[in-house]
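Reading through the structure tokens given below for one structure.
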Amino acid sequence: MAFQDNSKPPSGRLLALALLPLLTLILGWQLGSNFQEQRQLQEEISQETGSGDLTDPATQVNLNLLWKVWDLLLDNYIDPSALNTDKMLYGAISGLVEGIGDPYSMFMTPKENTDFRESLDGILQGIGAELMQREGSIVIVAPLRGSPAEKAGLQPGDIILSVNGESPGNSLTDAVKKIRGPKGSQVILLIAREGTPEPFEVTITRDEITVPSVESAIRETDEGSVLVITVNQFGDQTVTEVESMLNDYDDGNLLGIIIDVRYNGGGYLDRAVELVSLFLAEGKVVSVERRDGDAVEHFASGRPVDTDTPIVVLINEGTASASEIFAGALQDHDRATIIGKQSFGKGTVQEIYDLQDGASVRITVAHWITPGGRNLSKEGVTPDIEVKRAPDDAEEGADPQMDAAIKYLLDL
């Protein structure tokens, strides 16, 4: 099975992420290029990707308006010393991508690109929440486990109405810039929540956040042991860590495995495919359907670790993208029982294209389709057994979804 190499532009690494960007990232306008380099960049992208031929009438765009405004600013703005051409250039490129209206496609400056890649390895700083723009609103997809956002009670679906008394802005980037801040500082969010009659304020103290890719625990019962594996995100080391946990556990009295992907916002496609492959001997894991109608099918690797032990996968409203691929594939192959709440429903594919100076652009290029033919964007993953976990449960330390998973395994 071949996966695209992220280190060789223009090939991009396929992302299965719930949202872009993470609120935990520190966004800034760093590094840049000059006016002439922007024109060169356009040609480089066309040459690298094989698309957007500047001589093709079907795709040719008159960029004279852009250059005209650029020149007018440089020649006429009242304070020439305040003109940061790097910031202007990156702002123009960001606006170009944002103009598509797709919350998952985004240009990243070199600093943003570095922070994003580090976030997949659990190197985070901020409030620890993921968001997206939906129907003009800034919406929380999921708080990260153990993050200030989770401790403050933020929930999937919460809408951010204001940040420190001001509008969150017109884009994800605007919202992130207002919500981010140094460790120890506070941010006040005005939240609207379904089922709550009035908006309410949440004060969050920003902090450094360490999010392990995978965690495990053993739940002992009178009938035997249950191995609980919590997958927080699909990063580079996720599959290796899970495989190690499975190989290390050799009790002989294992009733089942619970794989918890609640609040898992996604990660890399190849890691989701490989994780499914640990539990599935053969079969299709996911199809990637592009705009030209072509579909690339990804199959189990044929190197399973455990194909027999009963599995329960826990999902909720914050389960998205790569974690939906994982849960959906095991469900369609009758390899796992899904317990929890309907997943987020993020079924589009982003591809990362590396650009000059360490910048990158993420572009939505396809849809995810499960082995059973479900479009995750439209349907998400529906649990086999629906169990709700109310906010009061979390505050009191109760977890009826986990309890239901253990009971299901005990009743087999």
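A few comments on the model shown:
- Unmet requirement for SER185, which otherwise passes all of (1) small (Gly, Ala, Ser); (2) modelled with pLDDT of 90 or more; (3) within 26 Å of ALA404 (Cα to Cα); (4) more than 25 Å from the chain's Cα centre (by Cα): (3)
- Every residue from segment 147-160 that is of a type outside the set (Ser, Thr, Tyr) and either surrounded by 16 or more Cβ atoms within 10 Å (Cβ to Cβ) or not assigned by TED's automatic domain parsing to the domain that holds ILE188 (or both): PRO148, ALA149, GLU150, ALA152, GLY153, LEU154, GLN155, PRO156, GLY157, ASP158, ILE159, ILE160
- Residue selected from segment 211-220 under the condition assigned to a loop (DSSP other than H, G, I, E, B) and out of contact with any helix residue (DSSP H, G or I) (no Cβ under 6 Å at 6 or more places or on another chain), by the criterion surrounded by the most Cβ atoms within 10 Å (Cβ to Cβ): VAL211
- Total residues in segment 249-292 satisfying the condition of being within 30 Å of PRO400 (Cβ to Cβ) and polar (S, T, N, Q): the figure is 2.
- Screening segment 334-359 for residues that are part of a strand (DSSP E or B) and among the hydrophobic types (A, V, I, L, M, F, W, C) and picking the one that is farthest from VAL285 (Cα to Cα) gives ILE352.
- Among the conditions (1) surrounded by 18 or more Cβ atoms within 10 Å (Cβ to Cβ); (2) over 30 Å from SER225 (Cα atoms), GLY328 misses just one, which is (2).
- Test result for GLY169, in a loop (DSSP other than H, G, I, E, B) and either exposed (fewer than 15 other Cβ atoms within 10 Å of the Cβ) or in the same structural domain as THR307 (by TED's automatic domain parsing) (or both): no
- Neighbours by Cβ (under 8 Å, 6+ apart or cross-chain): first from segment 125-144, closer than 16 Å to SER321 by Cβ; second among the aromatic types (Phe, Trp, Tyr): MET132/TYR104; VAL141/PHE344; ALA142/TYR263; ALA142/PHE344; LEU144/TYR263
- Test for GLU297: is it without any contact (Cβ under 8 Å) to a residue 24 or more places away in the chain, surrounded by fewer than 18 Cβ atoms within 10 Å (Cβ to Cβ), acidic (Asp, Glu) and in contact with a Lys or Arg (Cβ under 7 Å, 6 or more places away or on another chain): yes
- Residues that are surrounded by 13 or more Cβ atoms within 10 Å (Cβ to Cβ) and without any contact (Cβ under 8 Å) to a residue 60 or more places away in the chain, drawn from segment 381-393: THR382, ASP384, ILE385, GLU386, VAL387, ASP393
- Selection status of VAL288, hydrophobic (A, V, I, L, M, F, W, C), over 23 Å from GLU241 (Cβ atoms) and either in contact with an Asp or Glu (Cβ under 8 Å, 6 or more places away or on another chain) or not in a helix (DSSP H, G or I) (or both): yes
- Of all residues in segment 222-240, those that are touching a residue at least 12 places away in the same chain (Cβ under 8 Å) and part of a loop (DSSP other than H, G, I, E, B) total 7.
The values are calculated or read from the model by the stated rules, or taken from the named source; none is laboratory data. Keep in mind the model is a prediction, meaning the values are calculated, not measured. Backbone-built Cβ (ideal geometry, glycine too); neighbour counts: all protein chains shown.
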